[in-house]
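Data first, discussion second: the structure below is written as structure tokens.
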């Protein structure tokens, strides 16, 4: 299949490569010339504008967006819409908020253009191992894209699927990331307890390796954690600072909106906020309160 | 009533003073001569050994311990036991773990000595405002001590009471402190949210003052928080470091043992641990994991 | 001062009465004739339409809204706006989301009408004890309303205040309620631990009474809790079901938006959601998982 | 190698079988004759008393305990100790608390008997897939047992290892289970959010299958969750009741003792307690409080 890939950053470039490897034709677009040239080396053609990209594709067209969620996605879509024709398909493969997806799909649908949302997991490993794809959208549109999904996924018939109507793909990916936060936090807390039990002098990497085989907690995240612990057992030089890219927040919002108690996913997000708050007003005030009622000494800064 | 006060630190000295003010005779003991002399200025006599203390009291004796929980309490009690006689009463007014209290009471009971546990709240304010006293022990022993409790409490007939058999006083105080942790954390989080809403430029002390009158969150802790915010609105010079003195941990242990979910009290304790962990291995490992699967940048230390 | 009170439900009627008691003139409006008549008995006049209400007030007018947050507030304001003139003041005394307040204020401001938000705490007790009032809005408008605030608050010069620009009153009230959730949960967990320690046979009401005097956890909420425990020590006939009216959710949202960790306020909200989920899919799935990996028995429904 | 297996329940019998399959000689002991006979069918011999078991083994003996943690383990060990001789090895493969293990090891060590603790993960799947073995104890003793570990583990050279001195095996297994609680809770919350998003009509089993391939949350637990969701998508007939077998509690205790914040592991345990508390006093009291201050209606039981 011939398709246009918009956004040739780490994710977009890798996905384009994986498609090329499997025999698809990819026309790449990215505002950075270097990114376009890099992809060309893997067999793609490229376009230096959205207009050129659309012109290079046979109708009905398939356009796959792999750009940062939020404003950049809106700008790309706004520029793209007037260039397309009924029957074309637009896929948003990024980490968009599903509510934005619902809004955007409505707009494209009004022009007869199918809008498909594809939650994509797999990170930097997807190029070689394949991507897990959670797809939302019209059944016929998803079916037309089958050859693409079969190439991107780890296997022809697994690791991808239509989960429901448009929006449901990004919704499912959002929840996926919420779960990911919880799992990561559980592992990190556990290894931290092991680390602090100095009386036993435990080798954290060794334990991770044991757990990787046969244990109830074995997982791909554990494989990666074992790697990280092998490379840098004491996490030397790494700041205790954990970023978040939005999906965790949305999961928490959604859980509350749905009245679903999600204490562990929520707390995992809060822990990330906490990691970035190294001058906690909350804790200072607590210390001041203890001094007020009990005369307990305050630790000075 | 004439009684011996063992331990003339901040709490013991204040309680002794409050008893003296109300006409009781207090013989004070403390290993520090300065502490004994300070109390004498308020009208007490003092003893420079436990032997001398016991000798100075009329039988049946009343000995009130106000020493740090744990080993110091055990050492004091071990030294005291051989000096006492059946009919004497020992009161532990400190923050002992109720399980220790049960063990110690058994030992004293075997010698015919009544053991009474008195959970004491009120901090540095108790001298003037009176102490809230949660008392466990034999009914007759508690009744004999009535004049003492009436003087220590904020009022003759309120702010003190026998809550159950020996151990139940410290148990109740332990839970009291668990609740205290939760309330403090709730206030501190709330004020922190207000603080971070910089667009509104809120005056935290002013808000605390408004809340002190007529609001649902008014409380004595809020009064103290208002004081703290007035003195030091930005908590300048205070480290974000919150100590804990044990009762919170015991409350969490007990809740788990009783199968009672106590998420907020538990989390309040965990937040204190967190405040002291400024080099979190958990967070470093989380950052490393994110780098492993998604190539997300690690913040360097 | 003469003012119009829109919404004569429990809160509005009580606030109108408190104003009447202090010599203000109140014209009440409510779609329910019975509510209007009830207020008239306390010395108010009433209007059977917003038009009549506005006509009954001297310019520049003061209109105080005490209606349910959300749609009802929007409907009332939409109906009111065309009836007003530059210089009039509208006060929203309800539990509106501060983001709605910002939006509404902009609209009224464009017509030269001052918009004031007044977060109001005090519940059913406010009529006699006074209300805690957190006020946002233009300084001059707030100053004009001074006589009203002085009558509603517990005292002339305390329990009320301008906390910042429009929106900040509702923002502060929102955080107030978040704190309230955390405090309530802390008390409830603590009493539950006491309750489950059956070996001690503790009298929960008695303990609450002791704590009310001199303890660190004394508060108005504790006074009410003591009342509740006296009336119904075993909470007989009460379902373990806790409603929430929105401010807790908004506080959680806001904390996340501001990157402020608020674990205890957040968990208190989650516990309320949990109380209403008596058929938890989460727990069922956990039970099924345990069976899958360990052959652990599943409890049947 | 010839060894004695004490305890032929689900875990012990499966482990014995796996050893038999790999050429070891197993003498089984269990108080239940049926359990002994069942194992004999797989090629083991058996003994009907600990005395007979010990007599059937060549010195120095290897005895492997696979009995319930706690009292049963203590009783077995007490009965075994007088029958053994210096140079023998006792392995506790159960889920013992590591503090008990330290105590027991000291006792056996005093008699010249090596005590090895082996945390064992793998559940009912271990027979075919092998067990993950976290081993604590003297290096020489562990080395002597190498052939046994190589047979029990998923592969000769992986899935098992000595993690440190005696006690460290059970410690590591305890933390493993704590992590397991957190992971399970994260998945269960996530699937519950998906379930409650009824607008999308999501197929939970289908999503689990997609995630199993290529996603960041892929794991063995997810494989099992997919199975469970396939068999019973709505968890029909399953009570929302989640048991716990102790290791989670110990992990929480240990984290607090070590001052390591472990909010997600802790909350996962609390959620299990919550699942069994379908008549929450906490929630009833919260409902009563809301009624007290705000006149909010109470839901009746």
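The values are calculated or read from the model by the stated rules, or taken from the named source; none is laboratory data. Because the structure is predicted, anything quoted here is derived from the model rather than measured. Here the Cβ is made from the backbone with ideal geometry for all residues, glycine too, and neighbour counts use every protein chain on show.
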Filter result for residue B:246 (away from chain A (no Cβ under 11 Å), surrounded by fewer than 21 Cβ atoms within 10 Å (Cβ to Cβ) and either within 19 Å of the chain's Cα centre (by Cα) or under 24 Å from residue B:191 (Cβ atoms) (or both)): yes
Pairs, first within 12 Å of residue D:114 (Cβ to Cβ) in region D:70-96, second modelled with pLDDT of 95 or more and surrounded by fewer than 13 Cβ atoms within 10 Å (Cβ to Cβ), C-beta under 6 Å, six or more apart: D:86/D:112
Qualifying position, being surrounded by fewer than 16 Cβ atoms within 10 Å (Cβ to Cβ), over 14 Å from residue D:130 (Cα atoms), at pLDDT 95 or above and touching a helix residue (DSSP H, G or I) at 6+ places or on another chain (Cβ under 7 Å), among D:4, D:23, D:28, D:43: D:43
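Please pick out the residue among D:54, D:72, D:116, D:124 that is farther than 22 Å from residue C:295 by Cβ, part of a helix (DSSP H, G or I) and assigned by TED's automatic domain parsing to the domain that holds residue D:21.
On the way: D:72 fails: farther than 22 Å from residue C:295 by Cβ; D:116 fails: part of a helix (DSSP H, G or I); D:124 fails: farther than 22 Å from residue C:295 by Cβ.
Selected residue: D:54, the only one of D:54, D:72, D:116, D:124 that is farther than 22 Å from residue C:295 by Cβ, part of a helix (DSSP H, G or I) and assigned by TED's automatic domain parsing to the domain that holds residue D:21.
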Residue among D:275, D:287, D:280 that alone is within 11 Å of chain C (Cβ to nearest Cβ), crowded, with 21+ Cβ neighbours inside 10 Å and touching a residue at least 24 places away in the same chain (Cβ under 8 Å): D:275
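Checking the condition at pLDDT 95 or above and more than 24 Å from the chain's Cα centre (by Cα), which residue from B:168, B:268, B:215 passes? Before you say what the answer is, go through the steps one by one.
Values: B:168 fails: more than 24 Å from the chain's Cα centre (by Cα); B:268 fails: more than 24 Å from the chain's Cα centre (by Cα).
Only one candidate qualifies: B:215.
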So residue D:135, is it more than 7 Å from every other protein chain (Cβ to nearest Cβ) and in contact with a helix residue (DSSP H, G or I) (Cβ under 8 Å, 6 or more places away or on another chain): yes
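Scan region B:138-154 and give yes if some residue there is closer than 18 Å to residue C:225 by Cα and assigned to a loop (DSSP other than H, G, I, E, B), otherwise no. I'd like the intermediate steps shown before the answer.
Taking region B:138-154 first, the residues closer than 18 Å to residue C:225 by Cα are none.
No, that holds for no residue.
So which residues in region B:212-230 are without any contact (Cβ under 8 Å) to a residue 12 or more places away in the chain and either within 8 Å of another protein chain (Cβ to nearest Cβ) or in contact with a strand residue (DSSP E or B) (Cβ under 7 Å, 6 or more places away or on another chain) (or both), if there are any at all? Break it down into steps so the answer makes sense when it comes.
Applying the first criterion (without any contact (Cβ under 8 Å) to a residue 12 or more places away in the chain) to region B:212-230 yields B:213-216, B:218, B:220, B:223-224, B:227-228.
Result: B:213, B:214, B:215, B:216, B:218, B:220, B:224, B:227, B:228.
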Checking residue C:39 against (1) part of a strand (DSSP E or B); (2) under 22 Å from the mean Cα position of the chain (by Cα), the condition it does not meet: (1)
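Can you give me the number of residues within region B:127-137 that are in a helix (DSSP H, G or I) and in contact (Cβ under 8 Å) with a residue 12 or more places away in the chain?
Residues of region B:127-137 that are in a helix (DSSP H, G or I), as a first pass: B:127-129.
Now drop any that are not in contact (Cβ under 8 Å) with a residue 12 or more places away in the chain, which leaves B:127, B:129.
Of the residues in that region, 2 qualify.
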Odd one out for residue B:89 among (1) crowded, with 18+ Cβ neighbours inside 10 Å; (2) within 19 Å of residue B:124 (Cβ to Cβ); (3) at pLDDT 95 or above: (2)
Residue list for region B:154-174, restricted to those being farther than 17 Å from residue B:114 by Cβ and crowded, with 24+ Cβ neighbours inside 10 Å: B:159, B:160, B:171, B:172, B:173, B:174
Residue count, region B:195-207 (criterion: more than 7 Å from chain C (Cβ to nearest Cβ) and surrounded by 23 or more Cβ atoms within 10 Å (Cβ to Cβ)): 1
Residue under evaluation residue D:120, criteria (1) touching a strand residue (DSSP E or B) at 6+ places or on another chain (Cβ under 8 Å); (2) more than 11 Å from chain A (Cβ to nearest Cβ); (3) in contact (Cβ under 8 Å) with a residue 60 or more places away in the chain, criterion not met: (2)
Boolean, residue D:77 is touching a helix residue (DSSP H, G or I) at 6+ places or on another chain (Cβ under 7 Å) and assigned to a helix (DSSP H, G or I): yes
Residues located in region A:141-194, provided they are more than 7 Å from chain D (Cβ to nearest Cβ) and under 30 Å from residue D:257 (Cα atoms): A:181, A:184, A:188, A:191
